Amino acid sequence: MNFEHLIDLDDLSLDKLNEIIDMASRISKHPEHYRHACSGKILATLFYEPSTRTKMSFEAAMQRLGGTVIGFDNPMGSSVSKGETLQDTVKVVSGYSDILVIRHSRDGAALAAAQASLVPVINAGDGTHMHPTQTLADLVTLMNKAGRLDNLKIGLCGDLKNGRTVHSLIKTMCRYENNSFVLISSPEFALPDYSKDYITDSGASYMETDSLKDSIGGLDVLYMTRMQRERDVNAKESFNILDLETLRLGKPSLCVLHPLPRVDEITKDVDADTRAVYFEQTRYGMYARMSLILNMLGKGLGIEKDQSSEIESKTLCSYSNCITNQETYLKRLYEKDGKELICRYCEHRTKSKE
Ligand code: CP
């Protein structure tokens, strides 16, 4: 089976990405025009990990398009609790549906799901790895609020190590002209090397700092994130907090985004500032998902992946949270880079043992 899956936004051409963003903006102005666009279609949601926004915005998106939704949001209430493998579950549920959305705590789970699916798969967040539909929501918000996706100085603040929304957003914003990044975190929650490599390889620049107060003044966009306590036992309270006093140091045109949920990293009084657009961002996320579903069930995403450099190896992926270390029947797929292997599922590097 060779369907077009959305595992990583990088799989889309920039033209296609912009088409999806433009369509989301059009839908946001006239959602009623799309009321019957997916009539008779079924979207399945497999949420192995908690979610409010992603799950409910996908459900709302499909229902607003005239389709229906099946799925689970508690794997312990499904046959996963009896030991069913990820790929067996996907094989079965994809036989009931036209498009499948998966969220999982393991990096690479969406790719593993896609390998077994009978229908197109959308990655709704895989471990610490990627969250492409959150990035779509971020891009639609930026187009509508900042008016552009290029020539932006973007500050990313909080848990940059575990925050998949950050990893996805950086990877995509590197594709637009002349963006630069300010990575604001304590050293123990710094951006992983593979994500820094994207910035460097794209020719964009970044600087690292631990102070939001010192860096906010130069930013066009501030992307706040929470500490990912469910992924990292060392994650305690937020190191940098956006309060009104700090926001006063920002430009009048600053856009403050946050994928949400918020914990303690933005004080509630910031919500009333017109630069705080994170609640509007959640609504743009629904329109972004409507546009994505329409494209995937309609004319497609136009993905042309070159997999000629992919190899299978007996070497175990060194990243403990990689899906291949849980679902051990999966083929271990890598790209070779000298003596190192880059895992196709989680993108972490492992020394080759062969
Ligand atoms: N932004 C986001 O992914 O939120 P949820 O975890 O609530 O889906």
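Values in this text are rule-based calculations from the coordinates and carry no lab data. None of these values were measured; they are calculated from a predicted model. FYI the Cβ positions are ideal-geometry reconstructions off the backbone, even for glycines, and counts take in every protein chain you see.
Exposure proxy shown here: for F47, F3, F58, the number of other Cβ atoms within 10 Å sets the order, fewest to most, as F3, F47, F58. The GNM of the chain, with springs linking C-alpha atoms under 10 angstrom apart, assigns the highest mean-square fluctuation among D271, D73, D337 to D337. What translational diffusion coefficient, in µm²/s and rounded to a whole number, does the Stokes-Einstein relation yield for segment 148-281 at 10 °C and a viscosity of 1.306 mPa s, taking the hydrodynamic radius as the Kirkwood radius over Cα pairs? Roughly 108 µm²/s, to the nearest whole number. Result for the chain in a Gaussian network model with C-alpha springs under 10 Å: among A204, A24, A113, the largest mean-square fluctuation is at A204.
Couplings 3J(HN,Hα) of segment 156-169, computed from phi: 10, 10, x, 8, 7, 6, 9, x, 5, 5, 5, 4, 5, 5 Hz, in residue order, whole Hz [Karplus 6.51 cos²θ - 1.76 cosθ + 1.60, θ = phi - 60°; x for Gly and Pro]. Cα gyration tensor of segment 1-78, axes a ≥ b ≥ c as square roots of the eigenvalues: rounded (a/c below 1.5), prolate (a/b > b/c) or oblate? Judged from the Cα gyration tensor, segment 1-78 comes out oblate (a/c at least 1.5, b/c at or above a/b).
Highest mobility in the GNM of the chain, judged by mean-square fluctuation with C-alpha springs under 10 Å and restricted to Q326, Q115, Q307, is found for Q307. Across segment 130-141, computed HN-Hα scalar couplings (Karplus, 6.51 cos²θ - 1.76 cosθ + 1.60, θ = phi - 60°) run 9, 9, x, 6, 5, 4, 4, 4, 5, 5, 5, 5 Hz from first to last residue, x flagging Gly and Pro. The HN-Hα couplings worked out from phi for segment 95-105 by the Karplus form 6.51 cos²θ - 1.76 cosθ + 1.60 (θ = phi - 60°) are x, 9, 9, 9, 7, 10, 10, 10, 10, 8, 7 Hz, whole numbers, x standing for Gly and Pro.
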